[in-house]
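The values are calculated or read from the model by the stated rules, or taken from the named source; none is laboratory data. In this text, all values refer to a predicted model and were calculated from it rather than measured experimentally. All Cβ positions, even for glycine, are placed from backbone atoms using ideal geometry, and neighbour counts span all protein chains on display. Note: accessible area is taken over every heavy atom of the protein model, side chains too, but ligands, DNA and RNA are not part of it. Shrake-Rupley method; radii C 1.70, N 1.55, O 1.52, S 1.80 Å.
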Amino acid sequence: VRLDESGGGLVQTGDSLRLSCIASALNVRYYTMAWFRQAPGKEREFVASSNWKDDSTRYTDSVTGRFTISRNNAEYRNYLQMDNLRPEDTAVYYCAASPQAIVTGLHGVTYWGKGTQVTVSS
């Protein structure tokens, strides 16, 4: 199983980025797909998830209203649209997959990508 992220980069405050994650050898129809991030010196934290059972989505409070997670099961992809980016969003962003329906933390994550760097300058 592989999860490969792309779409990171260096942007300015207020800009947008769209992260993409493609899964290999994984039946994503039965996995909740999620995004986590880790800033330097900080623990990895939950950002957003897309429930495989009912397509509901969940977000950490700091990104609610600015980030949107979506998925295309037929293409084995999921996306994280990030709008109105802030310097505090700077981190390595990781794609993750879990067989659990509800994902709001590290517990239950089975697969991880290697991450993509997002840097937001002020």
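Note on segment 5-45: dipole from Cβ charges, positive end direction compared against Val11, Leu26, Gly41; the farthest Cα belongs to Leu26.
Could you please state how large a percent of the accessible area of the chain is carbon and sulfur, counting protein chains only and using a 1.4 Å probe?
46
Free of any trypsin sites (Lys or Arg not before Pro) that DSSP assigns to a loop and that have at most 11 other C-beta atoms within 10 Å, the longest stretch within the chain is 54-113.
Tell me the per residue accessible area of segment 48-116 using a 1.4 Å probe; a whole number in Å² is fine.
Normalised by residue count, the accessible surface of segment 48-116 is 50 Å².
Fully extending the segment from Asp4 to Arg66 would add 20.0 nm, taking 0.36 nm per residue of separation and subtracting the current Cα-Cα distance.
Once all protein chains are placed together, Ser16 keeps about 60 Å² accessible to a 1.4 angstrom probe. Here the chain was treated as a single set of alpha-carbon atoms; its pair distances binned every 5 Å from 0 give 2, 13, 24, 27, 19, 10, 4, 1 percent. Summing charges over neighbours of Val63, with a neighbour being any other residue whose Cβ is under 13 Å away from its Cβ, gives -1 when K and R count +1 and D and E count -1.
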